[in-house]
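Report on the following structure.
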Amino acid sequence: MLSRPRLTIANAARVFATISLAVAVAVAGSVAAFAQGVPVVRDAEIEALVRDYARPIFKAAGLANDGIDIVLVNDSSFNAFVTGRRLFINTGALMTAETPNEIIGVIAHEAGHIAGGHQQKLREQLERAKTMAIIATLLGAGAMVAGATTNSRGLAGAGMGVAAGGGEMAQRSILAYQRTEEITADRSAITYLNATGQSGMGMLKTFHRFQTALSLSGAQVDPYRISHPMPQDRIANLEVLVKQPNVDKLDPPTLQQRHDMMRVKIAVYMEGQAAAARLMQKMRGSMAALYGDAQSTYLYGNLAEALTKTNALIKAQPKNAYFQELRGDILMKANKPKDAADAYAKAVSLDPARSGLLPVSLGQALMAVGTPDSLKKAVVQINNGLGRDKENSTGYRYLAQAYGELGDIPGAELATAEGHFYSGDYKDAKIFAMRAQQQMKRGEPRWIRAQDIINYKSSGKSQ
Ligand SMILES: [Zn+2]
């Protein structure tokens, strides 16, 4: 399922200290918005899909193609940005794109900027910064505030934020490529698409729509259009460049199906029933429409019915990890943690992308079962998930709770310290690490990890 982590004002303020002053000033206004809801969503299925889009392109561009972190920004405007190891993409961009090729084209263009060394200094700063600080930078203060106010209901109803005046200005000053850089990035993008046997038409389609000056996503301003200037001659140039042997090649049907499922999922979880119903109507009869229907029934309807629909999906695609995940979500909501744990365990074993999120879901279900044995299993699973995905702050909270229920207080303190550490809150991380150490044997592995946190020197001057 889609879920979002939380961050306190204090955490956010410290996070900002890790980026340059100019950037920090531009985003300072959005600190308050962090308190109301962080605009990041986590989802194993969508992260895996976007990573599959990026991997071959990054490889062709000579960039790191292992361990790319996909950061899904919950915003309905169109934006995408790559720092190197992290690829930030707005849910609005994923919703707007009708084919994988449109997103892959944008990723190829971003890879072109990296390979060309464009905005290198900013990129290096951002690479060192914590994820949340970068999102504030990319969205701009205006968008952050607008996003947060529509955002009180948890999963649904979010992401309606638009880039208001302040946000637009922040975008302009922080992230704007030169026209010559755009032409270089386009040319590189076509090279990577060609090398991976893919068409450049998706990229052209996307940029062409930007060039008409209408917002792609329905937002007032798409930040991507502001940071990537699209004059007429650039589009004309691109129209020539795309005429490669692969120009008419379509995405493989399985990839298109995954893309459709992703769009339906974003619609159901983020945009509500009506928007989801409209999209499902367009995809009538497809697996994506059936998937959206099962999810919609889970969120807004009857759980028994949702389970029946999900079981039918599993019958059609027995190896789909995310159908099992949905089954687990439904069973958790139906207060059947044991059955939910079985479904999540299947999801974990089927997940080709080895997402860290699924073992944490399994751990949660095992915690809800509540026997000493299942609590011990929960600790193993959550640690397994966090080993794959260290920045999952929610995971540490569950881990601390599981240790606590098992009576392992130093374990709980260390997990809490780790949670603070990975959200950039080093002061509280050190306090909990010291508390943990007081009850640990000096030199044991957990003591050493606590010591690492205590010794950690952050790069920010204020810390
Ligand atoms: Zn560009």
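Quick look at the values:
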{"item": "Karplus (6.51, -1.76, 1.60) ³J(HN,Hα), θ = phi - 60°, over region 101-110, in Hz, Gly and Pro reported as x", "result": "4, 5, 6, 4, x, 5, 5, 4, 5, 4"}
{"item": "Violating pairs (Cα-Cα greater than 20 angstrom) within the set Lys336/Lys377; Lys205/Lys243; Lys205/Lys249; Lys205/Lys265", "result": "Lys205/Lys265"}
{"item": "Karplus (6.51, -1.76, 1.60) ³J(HN,Hα), θ = phi - 60°, over region 229-234, in Hz, Gly and Pro reported as x", "result": "x, 10, x, 3, 5, 5"}
{"item": "Whole-Å distance, taken between Cα centres, linking region 245-313 and region 341-392", "result": "25 Å"}
{"item": "Shape category assigned to region 218-307 from the gyration tensor of Cα positions, a/c cut at 1.5", "result": "oblate"}
{"item": "Cβ-Cβ FRET estimate between Gln438 and Lys243, R0 fixed at 56 Å, reported to 0.05", "result": "0.25"}
{"item": "Per-residue ³J(HN,Hα) for region 326-338, Karplus 6.51 cos²θ - 1.76 cosθ + 1.60, θ = phi - 60°, Hz, x for Gly and Pro", "result": "4, 4, x, 4, 5, 5, 5, 5, 7, 6, 10, x, 5"}
{"item": "Overall form of region 276-347 per C-alpha gyration tensor (a/c, 1.5; a/b vs b/c)", "result": "oblate"}
{"item": "Residues whose placed amide H lies under 5 Å from that of Val71, excluding near-sequence neighbours", "result": "Leu87, Phe88, Ile89"}
{"item": "For Val40, distant residues with modelled amide H under 5 Å away", "result": "Asn74"}
{"item": "Charge dipole magnitude, Cβ of K and R +1, D and E -1 - region 242-328, Cα centre, debye nearest 20", "result": "180 debye"}
{"item": "Cα gyration tensor shape for region 316-421, rounded if a/c is under 1.5, else prolate or oblate", "result": "oblate"}
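Taken together, the values in this text are just the output of simple stated rules run on the coordinates, not laboratory data. Keep in mind that what you see is a predicted model, and the values were worked out from it rather than measured. Neighbour counts run over all protein chains shown; Cβ positions are idealised from the backbone, glycine included.
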